[in-house]
Amino acid sequence: MAETAAPETTAGPPPPDGTAPEPVDEPAAPPAPAAAGTDLYPGRGPFAAVLFDMDGTLIDSTPSVERCWARWAEAEGVPLERLLGWHGVPARAIAAALVPAERVPDAVRRIEALEVADTDGITPLPGAAEALAALPAGRSAIATSCTRPLAAARVAASGITAPSVLVTADDVTHGKPDPEPFRLAAERLGVDPARCLVVEDAPAGLAGARAAGCATLAVTTTTPPDGLDADVVVRDLAAVRLVVDDDGVTVVAA
Ligand SMILES: [Mg+2]
């Protein structure tokens, strides 16, 4: 069942005279899930292609990411709390913000080596294999903030079958939240970004997708729904089904 991005139920606006709002006896009901088969993007699809983020969207790499960045921070003398809030951003941009400029190239090499070597526990997320398998060649791509060697290591560790179009941090000048990764993925597929759906778990990726003119589907695997500004928000890819015909990809509630 899809958890669509319905507005949160509240007790309603406060009365105009400034008195306390009416007490609410019942707890707020969760948003009604869309019925199975409901088109989640009425009037917007079908999409020419689906552009997937990788970490947190298709695969769970969180344990590896946390282990490696904690080791990196210790070696670089960076306080652990300064690692918060960077999810979905390329390592080079994170390092550039956290260590002196002259140390950035070495710091980037070090985190890359740690992460390529430590892929323990990387697994596909629910619905990821089915979503990838539903899309024929030319209708899907991955746009990741990983470098190419790291993306290859994580794809292999997770066992997912990656699409042939795989845009990495090594392919772009500006990573997420810049729109360049998604624009390049669409270009390599030969489609208009405005006819693409981006699936993301991170605010930085969603910002890049919106800036590229793509429709957005957020999964709440790593970030709570109220932190995700997307056209539709679901728990994970198991909540949707991708239906392909000659016109493109329609996204329906599972
Ligand atoms: Mg991600």
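Points worth noting:
- Computed [θ] at 222 nm, helices only, for the chain once each DSSP H run of length n ≥ 4 contributes -39500 (n - 2.57): -8500 deg cm²/dmol
- For the chain, the share of DSSP beta bridges that are antiparallel, to the nearest 5, is 40%.
- Ranked by how many other Cβ atoms sit within 10 Å of their own Cβ, fewest first, the residues 47, 182 fall in the order 47, 182.
- Note on region 62-117: Rg/Rh from C-alpha atoms, Kirkwood Rh, equals 0.90.
- C-alpha long axis of helix 104-117 to longest principal axis of the chain, angle in °: 80
- The percentage of C-alpha pairs in region 71-183 whose separation is greater than 22 Å is 39%.
- The alpha carbon convex hull volume per residue for the chain rounds to 157 Å³.
- Residue exposure sequence - 216, 223, 62 - by fewest surrounding Cβ within 10 Å: 62, 223, 216
- In plain terms, the residue of 39, 246 with the fewest other Cβ atoms within 10 Å comes first and the most crowded comes last, giving 246, 39.
- Estimated Rh, region 113-254: Kirkwood, alpha-carbon pairs, angstrom: 15.5
- Relative contact order, whole percent, for region 145-195 stands at 30, derived from Cα pairs under 8 Å and 6 or more residues apart.
Any read-out appearing in this document is the output of simple, stated calculations on the displayed coordinates, not a laboratory observation. None of the values given here were measured: they were computed from a predicted structure. A quick note on method: Cβ atoms are made from the backbone with ideal geometry, for glycine too, and the neighbour counts reach across all protein chains shown.
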